[in-house]
Amino acid sequence: MTLSLDQGIDRALAWLVDHQKPEGYWNGMLESNCCMEAQWVLAMHILGRTDDPKYPGILRAILQKQRDDGSWDIYYGAELGDINTTVECYAALRSAGHRPDEEPLRKAREWILAHGGLKNIRMFTRFWLACVGEWPWETIPVIPPEIYLVPKFLPFNIYKFASWARATFMSMSVVSVRRPAAPLAPERRLEELFPEGRHNFDHTMPLKPMTGFWPQFFRLADSALHLWQKLPWKPGREKSIQLVLEWIIKHQDADGAWGGIQPPWIYALIALHTEGYHRDHPVIAAGLQAWDHHWTYERDGATHIQASESPIWDTLLSMQAILDCGATWDSFPQMEQALLYILDKQILTKGDWAETVPGVECGGWAFERANTWYPDLDDTAVALTVLCQMRQLAPEKYHARIDHAFSRAETWLRAMQSSNGGWGAFDKDNHTAALTQIPFCDFGEVLDPPSADLTGHKLEALGLMGYDMSDPAVKRAVDYIMSEQEADGPWFGRWGVNYIYGTALVLPGLQAVGFDMQDPRIQKTADWLRAKQNDDGGWGEVCGSYMDDSLRGVGPSTPSQTGWALMSLLAMNTHEHDDAIRRGVAYLLRTQKENTWEQKEYTGTGFPGYGVGERIQLGGDTAALAQGRELARGFMINYNMYRHYFPLMALARARKHGITIG
């Protein structure tokens, strides 16, 4: 039975009531790929912690996620497996004692060898193999700890890297020059992945098909660093390592993790272990214990590891959905707990961002619960949007506190606007393209330049605060966004899949600041969205659209992407698109089950895998990316609450618009 619109909204609100945590927040699982579990298993081998109670459950998770063809992939529904993930999973299972003649390993090995073998793995995978004695360190690019000493005004200091890359490289620099190895037991070594023998295998990294000054410069620099690595005396090396260790320890989060994400966390533990920190040392102990709290989840008898966690993000967007439904302070008392949780989580201390934007007080929010070094500009924009509405509902006793939070957040947000008018995720003007040519940077993104989707959220916040296009910051942001529009109408989604997501953040932002939504450029966007609507009334877009333009806006309908498309059309303030909106609403109501929606597809983006952190022209030479639609260099995410609050927002806004069903 198809629900009425009111019934669908009421049931979805009831689901939020049932799933709010006692502390007032909401938090869904953050699913990614099996590198998380594989690298944890390898790390436990390196740290000598294979007796961890989670160990058997995590091995089951790896085996459960194996594809029928023997590989492991980057995202649900990928056409192909990923050789890097597959090799890391294979190595993890072998390190745990699984035999090469077991069916899962036999299938994985055959797939690896059929897809070019170890010659095709990325540098990060080679790094892991070196840590367990399966790859020669001499063939891996050096990350010198001396990078910490490079002055901030030079292009190669650590604060020119994206926050996630910075936090990861600092720990990797110690491991890179110490070159530790925790060899696998003889019967667990990976001999079978070298079918012609280790001595006949070429361990060198294939050169990227790139020319120009910087690629040549970094290749020569890496050769020089390898020569220096062999010298018996390296002036300043030990001092640099000590400074890096101090930086690492200083940057540990209150919950024991680092940066609220897995890579810097797991590499920090290995770096400290390499330098002799015992597993009972408070820093190491806290880092290991963090996985016992909110960083793992159980499913089908297996233990999965989150690459990050999203309690603040999920709470803010759940609050926005509730507000869209017209809830009042009295009708939805759970909002008080959520408001207090968000206010308590505002970050008022300076983090890494202050190294390049001095003289500004922080007022942002992070994505995760305990990360204070890297407040997130997107979370901060959504927090401003929510608090602006909450102030009108909350009792007067909360007004002063909301006003203070509001003032600090707005000041910080404005200070972090980049010179081109847009906003990045964590830093300002983080776009030193030369860094992408470093040999180690063959995975994900190492830069954090502005993007249209993030900038759209800032406009929505500023618009709700009463600013319009007469405000210089707003005008610059609008100009940036319009310069980023694709020729056929949509906007690229840096942090969500993909053009449907980018468009869904841009259009409400433009509408909020008074942009003319009848502008022909916006009408072109509407035409694009309507053309992409599926026959079932929903919208979908596969992750492969990041590497294949023919897949832009194309894919099976999903609740989250349908919600985004509907919010885009509803932001146009016209009844011209009501038929498409009504069909989309009907799809959501028809697919709502047990008060929520199901979605296996990954619609969140960590890294498209371009390296530069922003949109590239796929029509050009993309051979240097070394990835196809499988997104071997990418990192995709299934935020498990996207399937709920985005459809609810869309339904509520459709009801406000005048759509009635049932």
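What number, in nm² with one decimal, is the all-direction average of the projected area of the convex hull of the alpha-carbon atoms of the stretch 337-436?
7.0
Using a Förster distance of 35 angstrom, determine the FRET efficiency expected from the C-beta separation of TRP228 and LYS21, and round it to 0.05.
That gives a FRET efficiency of 0.10.
Take the Cβ-Cβ distance between ARG590 and ALA14 as r, set R0 to 25 Å, and report the resulting FRET efficiency rounded to the nearest 0.05.
0.85
How big is the gap, in Å, between the Cα center of the stretch 487-524 and the Cα center of the stretch 398-416?
Comparing the Cα centres of the stretch 487-524 and the stretch 398-416, I get a distance of 27 Å.
For the residue pair SER483 and ASP202, what label-to-label distance in nm results when each label sits 7 Å from Cα along the Cα-to-beta-carbon direction?
4.3
Which shape class applies to the stretch 515-630: rounded if a/c is under 1.5, otherwise prolate when a/b exceeds b/c and oblate if not, where a ≥ b ≥ c are the square roots of the Cα gyration tensor eigenvalues?
It is oblate, given that a/c is not under 1.5 and a/b is not larger than b/c.
At 0.36 nm per residue, and after removing the present C-alpha to C-alpha distance, how many nm does the segment from SER4 to LYS397 gain when stretched out fully?
Here the answer is 137.7 nm.
Measure up LYS345/LYS397; LYS65/LYS600; LYS524/LYS600 against 21 Å on the Cα-Cα distance and list the ones that go over.
From LYS345/LYS397; LYS65/LYS600; LYS524/LYS600, over 21 Å: LYS524/LYS600.
Straight-line reach from LYS234: which aspartates and glutamates have a Cα under 13 Å away, not including same-chain ones fewer than 8 places off?
List returned: GLU146.
In sequence order, what are the phi-derived ³J(HN,Hα) couplings for the stretch 359-373 according to the Karplus relation 6.51 cos²θ - 1.76 cosθ + 1.60 with θ = phi - 60°, rounded to whole Hz, with x for glycine and proline?
For the stretch 359-373, the Karplus-derived couplings read x, 10, 7, 7, x, x, 10, 8, 7, 9, 6, 10, 7, 10, 7 Hz, x marking Gly and Pro.
Which order do the peptides 524-530, 465-471 come out in when sorted by mean C-beta neighbours inside 10 angstrom, highest first?
In decreasing order of mean packing, 524-530, 465-471 become 524-530, 465-471.
For the pair HIS404 and GLN518, what calculated FRET efficiency results from E = 1/(1 + (r/R0)^6), where r is the Cβ-Cβ distance and R0 = 51 Å, to the nearest 0.05?
The formula returns an efficiency of 0.85 here.
Between GLU110 and SER550, how many nm apart are label points set 7 Å from Cα along the C-beta direction?
In this crude label model, GLU110 to SER550 measures out at 3.0 nm.
Could you work out the relative contact order of the stretch 511-645? I mean the mean sequence separation of Cα pairs under 8 Å and 6+ apart, divided by the number of residues, in percent.
The value is 25 percent.
According to a simple spin-label model (label point 7 Å from Cα along Cα-to-Cβ), what is the distance in nm between TYR55 and GLU138?
3.3
What is the Cα centroid distance between the stretch 346-374 and the stretch 246-310, reported in whole angstrom?
Each part reduced to its Cα centre gives a spacing of 21 Å.
How large, in Å, is the stretch 591-662 by the Kirkwood hydrodynamic radius built from its alpha-carbon pairs?
Evaluated on the stretch 591-662, it is 15.2 Å.
How much length is gained on full extension from GLU79 to GLU598, taking 0.36 nm per residue of separation minus their Cα-Cα distance?
184.7 nm
For the peptides 241-248, 638-645, what is the packing order when you average, over each peptide's residues, the other Cβ atoms within 10 Å and list the highest mean first?
Going from most to least packed, we get 638-645, 241-248.
Ranked highest first by the average count of other Cβ atoms within 10 Å around their residues, in what order do 73-82, 602-611 fall?
602-611, 73-82
Between the stretch 527-578 and the stretch 428-450, how far is it from one alpha carbon centroid to the other, in angstrom?
Comparing the Cα centres of the stretch 527-578 and the stretch 428-450, I get a distance of 30 Å.
Only the coordinates and a few stated rules stand behind these numbers; no lab work does. Since the structure is predicted, the reported quantities are computational estimates derived from the model, not experimental observations. Virtual Cβ from ideal backbone geometry, glycine too; neighbours counted across all protein chains shown.
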